[in-house]
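Chemist: Please read through the structure below; I'll follow up with questions.
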Amino acid sequence: MNIEEKSYNPNKTEIEILNFWERNNLYTPEYKESRKKTFSIPLPPPNANGTLHLGHVSGYTYQDILARYKRLKGYKVLLVPGKDHASIQTEVVFEKVLEKKGIKKRDLGREEFYKQCFDFCIINSNNIRSQEKRIGLSADFSREKFTLDEDLNRIVNETFKEMFDQGLVYRGKRIINWCPKCFTALADIDTEYEEEESFLYYIKYGDLIVATTRPETIIADTAIAVNPRDKRYKHLIGKVIEFKSLEGLKTLPVIGDRVVDINFGTGVLKVTPGHSKEDFRLGEIHNLPIISVIDQRGKMTYGKYKGLKVKEARDLIVKELEDLDLIKKIEKIKHSIQICERSKTVIEPLISYQWFLKTKDMASSAIRALEEEKIHIHPKRQEKNYVQWLENLEDWCISRQLWWGQRIPVYYCGGKETIISENGDITEKILGCGNTFVSLDEPKECPFCKSSKIVQDEDIFDTWFSSSQWPYSVLGGLNSKDFKEFYPEDVMETGRDILFSWVSRMVMLSLYKTKKVPFRDVYLHGIVLDKDGQKQSKSKGNGMDPSTFIDKFGTDALRLSLVSGNAADQDLRLYEEKVKGFRNFINKIYNSARYILLQTENLSSEDKKYIRENLGYRVKMKDFSIQKEQEKHIRNIEKLLEKFDIGIAAFNIQNFYHHTYCDIYIEKTKEYQTLDMKAELIYTLLQNIIVMHPFIPFITENIYQTLKEKDLITPLDTSLMYEKFPL
């Protein structure tokens, strides 16, 4: 801090401070090897297919505040950074990169596509790392991991093999989300919902009327369902009804289930287990047959409709139903449809052969960990949602029909070889024993029959299967030094939108693999919105680049604007005027520190020694004691941070420094021009910058280094990062 400069230059200063931190290797826990208490956070890895957005910066700010606070409290701290290969998201992004070059994925072949996509991710990872450092993230980048690193791949495969050997994973036929364009199964988080104008068709099933938005699937109906509480239809439960249909006379059983919404349509539901997740569950409960009439291309497979796209078949079927007088009425409606997040194609719920993980026992263990208070979720209200999701969790589809990701280490022994004899006779010879096995290394032969006719499964793992093993894999596995020292980790700080898809599954897999919870506290932040309260996105044109704010207002201002006053799980509006206001606060800190330092500018070495030896001296001021007020303030900040009330703590440090410290205290000190007053000014300034450091690390480190250079304090360490939290 050059007190000759009347105005603060955040960009110049922040780069200098950042270089200072890196040069002294201050982020590694080995810097304070002797510390006994540990604190660690496995940082949620951003997708390695682009750059950081404000949501990432928001999360990193919370994580870094906790880390810097714990260092000041005497902990040995480890923040473990990483990048996620992000399976389908990255594959789609990279395919678009290739398309611009006139190259198709299939032109490259699987091996070359993987290689080029890997290189693409490494370039992005390097750029992201630079962004992470620029926002002051005090992570140990020497420990950084990529979810496709060989050691992480090994851990993921080992977990799968253990599950396979124990019968916890199986290849089966169940209903999944299917994208006809990406041609793969999808997790719910890989989909989104959009509102669509559509029609609700009231179709006659004899004397019953069924309201549906999907008349094209009536051929696959296997039951009619009503609510047992519905007096209109209660007498029909258990009976079989006969009615005129597209196929002539048809019979279906009537089942009773409370899942049927009495108030939707007529209160009568057609059950199509082959093309609806809800109906599939009903089919399992009531042992209904499954009929599929739509294929993976999104085309019909039945009779004269075969080969037609779903929309084409729907229009044709509706016309035929009208001709048969089987439609009572048609209503225009607006309803939500599920689409692929990347391709925006309408999702087809399809019955498909996939790899599934049995989740019942794992989900129960994850619920029990919460009930036994081994894990706490902030805010507490999210605990109920966590439990409800796990209670209703079905077997998890962990396979994807993609090229980018960890290939499932399953091998098949067998196949057929066509043999044509000299006289033209054709016979087929069975090769191998037909067994399925898992191998962590590429096998040369089948372990059962020693045949070399083996092939590997084409599918890859769902991204969430590998990333759900992040807490222990990022530490190097169960036998590593870091695992033994830092596991279980202390906090998982992440967005509330992935509480189910990621956090709950990390708990499940960690309990399975390590027999311990992965972390003790889960802190959920909300979504960063624009000024009008809209979710930011590039397609809407309201997406904001973090670097724009940093270049204009500085990192400290952006960090503070992302957390100040905000509660856990609460969405946050961010806009230029807001960040500018926090920039003004950073300037006030600079100006006030500059004023205090100017009071000591002409002091002798003896006077400075007096100040160093008398830090903490209380100057008696009429009707006011800054140290009494400051002690109360510091205790409050400590209490708030321990309770994870991070946003309130951020607001309070700003409010105290701006009003109590600057507007009241510094103004009063102008009446006292004593050396004792100067000592108290330096002491109270030091206390303030220590308390503010976790939130605004650059300006506070800058002031600390200046106090050292001017010989006004006796530092405890090279950096403010390792000072002692006051009191």
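Chemist: When you scan the range 376-401, how many residues do you find that are in contact with a helix residue (DSSP H, G or I) (Cβ under 7 Å, 6 or more places away or on another chain), farther than 22 Å from residue 169 by Cα and buried (at least 19 other Cβ atoms within 10 Å of the Cβ)?
Modeler: Adding up the residues that qualify gives 2.
Chemist: Go through (1) assigned to a helix (DSSP H, G or I); (2) more than 25 Å from the chain's Cα centre (by Cα) for residue 126 and report which single condition fails.
Modeler: (2)
Chemist: Additional query: In this structure, does residue 682 turn out to be outside any helix (DSSP H, G or I), more than 36 Å from the chain's Cα centre (by Cα) and in the same structural domain as residue 591 (by TED's automatic domain parsing)?
Modeler: So residue 682 does not fit the description; no.
Chemist: Restricting to the range 44-75, name every residue that is assigned to a loop (DSSP other than H, G, I, E, B) and either within 20 Å of residue 650 (Cβ to Cβ) or of a type in the set (Gly, Ala, Ser) (or both).
Modeler: 48, 50, 73, 74 - these are the residues of the range 44-75 that are assigned to a loop (DSSP other than H, G, I, E, B) and either within 20 Å of residue 650 (Cβ to Cβ) or of a type in the set (Gly, Ala, Ser) (or both).
Chemist: Of the residues 364, 399, 343, which is among the small types (Gly, Ala, Ser) and either within 19 Å of the chain's Cα centre (by Cα) or in the same structural domain as residue 301 (by TED's automatic domain parsing) (or both)?
Modeler: None of the others qualify; the one that does is 343.
Chemist: For a quick check of your reading of the model, give me the residue pairs whose first member lies in the range 152-181 and is under 18 Å from residue 393 (Cα atoms) and outside the structural domain of residue 277 (by TED's automatic domain parsing), whose second is part of a loop (DSSP other than H, G, I, E, B) and of a type in the set (Lys, Arg), with beta-carbon atoms closer than 6 Å and at least 6 apart or on different chains.
Modeler: 168/358
Chemist: A follow-up question, please. From (1) at positive phi; (2) over 41 Å from the mean Cα position of the chain (by Cα), pick out the condition that doesn't hold for residue 644.
Modeler: Going through (1) at positive phi; (2) over 41 Å from the mean Cα position of the chain (by Cα) one by one, residue 644 breaks only (2).
Chemist: Could you tell me whether any residue of the range 145-152 is polar (S, T, N, Q), at pLDDT 95 or above and in a helix (DSSP H, G or I)?
Modeler: Looking for residues that are polar (S, T, N, Q), at pLDDT 95 or above and in a helix (DSSP H, G or I), one finds none in the range 145-152, hence no.
Chemist: Give the range 218-273 a look and list any residue that's of a type in the set (Asp, Glu), surrounded by fewer than 17 Cβ atoms within 10 Å (Cβ to Cβ) and either in contact with a strand residue (DSSP E or B) (Cβ under 6 Å, 6 or more places away or on another chain) or not assigned by TED's automatic domain parsing to the domain that holds residue 201 (or both), or say none.
Modeler: 242
Chemist: What single numbered condition from (1) assigned to a loop (DSSP other than H, G, I, E, B); (2) touching a strand residue (DSSP E or B) at 6+ places or on another chain (Cβ under 7 Å); (3) among the aliphatic types (A, V, I, L, M) fails to hold for residue 291?
Modeler: Failing condition for residue 291: (2).
Chemist: Still on this structure, I have one more. Name the pairs whose Cβ atoms lie under 8 Å apart, with the first residue in the range 544-571 and more than 16 Å from residue 587 (Cβ to Cβ), the second crowded, with 22+ Cβ neighbours inside 10 Å and hydroxyl-bearing (Ser, Thr, Tyr), and 6 or more positions between them or separate chains?
Modeler: 562/58; 562/61; 563/58; 563/61; 563/62; 568/523
Chemist: Restricting the search to the range 352-375, which residues are assigned to a strand (DSSP E or B) and touching a helix residue (DSSP H, G or I) at 6+ places or on another chain (Cβ under 8 Å)?
Modeler: Residue satisfying the conditions is 357 alone.
Chemist: Is it true that some residue in the range 188-204 is crowded, with 16+ Cβ neighbours inside 10 Å, assigned to a strand (DSSP E or B) and touching a helix residue (DSSP H, G or I) at 6+ places or on another chain (Cβ under 7 Å)?
Modeler: Within the range 188-204 (the criterion being crowded, with 16+ Cβ neighbours inside 10 Å, assigned to a strand (DSSP E or B) and touching a helix residue (DSSP H, G or I) at 6+ places or on another chain (Cβ under 7 Å)), the answer is yes, since at least one residue qualifies.
Chemist: Return only the number of the condition from (1) of a type in the set (S, T, N, Q); (2) surrounded by fewer than 24 Cβ atoms within 10 Å (Cβ to Cβ); (3) closer than 26 Å to residue 394 by Cα that residue 479 does not satisfy.
Modeler: All conditions are met except number (3).
Chemist: May I ask you to say which residue of 569, 607 is surrounded by fewer than 22 Cβ atoms within 10 Å (Cβ to Cβ), of a type in the set (Asp, Glu) and in a loop (DSSP other than H, G, I, E, B)?
Modeler: Of the residues listed, the single one that is surrounded by fewer than 22 Cβ atoms within 10 Å (Cβ to Cβ), of a type in the set (Asp, Glu) and in a loop (DSSP other than H, G, I, E, B) is 569.
Chemist: Residue pairs, Cβ under 7 Å, 6 or more apart or interchain, first in the range 655-678 and on the phi < 0 side of the Ramachandran plot, second among the basic types (Lys, Arg). List them.
Modeler: 658/588; 662/588
The values are calculated or read from the model by the stated rules, or taken from the named source; none is laboratory data. Please read all numbers here as calculations on a predicted model, not as lab measurements. All Cβ positions, even for glycine, are placed from backbone atoms using ideal geometry, and neighbour counts span all protein chains on display.
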